[in-house]
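Everything below concerns the one structure shown next.
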Amino acid sequence: EMTAKGIWCVGLATGEVKWKRLVENAGTTSPVLVDGKVISFVQRFDRGDDSPSRIVMFKASPDKFEELGHITQSGKKTWSCEMSSPAVANGKLFLRLHDAVACYDLTAK
């Protein structure tokens, strides 16, 4: 579950919270599940700093939150909490920006 206060993993059968990760504005887009990984826009992790907005990829696991990678915004093309949900096709991540489309190769090492 992604809410404005964080990312939560909740057991469907019991409703038990398995883990949670506090973030700012996590629920502004729908997450995408691909190959056992969740990809979502996150405005800012609750780290007590001004960490930038990012697209975060984490393991889809009830055991713990495990970040597998992220893309931090850079340059003139900025992301915002109003952006559409990410899309994945043929190993590529597509993001609609305010005035452009960004494409990231998820198969690159």
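Summary of values
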{"item": "Modelled FRET efficiency - R0 30 Å, K109 with W19, Cβ distances, 0.05 increments", "result": "0.60"}
{"item": "Estimated FRET transfer efficiency (H98, E67; beta-carbon r; R0 25 Å; 0.05)", "result": "0.45"}
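Bear in mind these aren't lab numbers, they're just calculated from the coordinates by the rules spelled out. Bear in mind that the values here come from a model prediction, so they are computed numbers and not experimental data. Note that we place each Cβ from the backbone using ideal geometry, even for glycine, and neighbour counts take in every protein chain shown.
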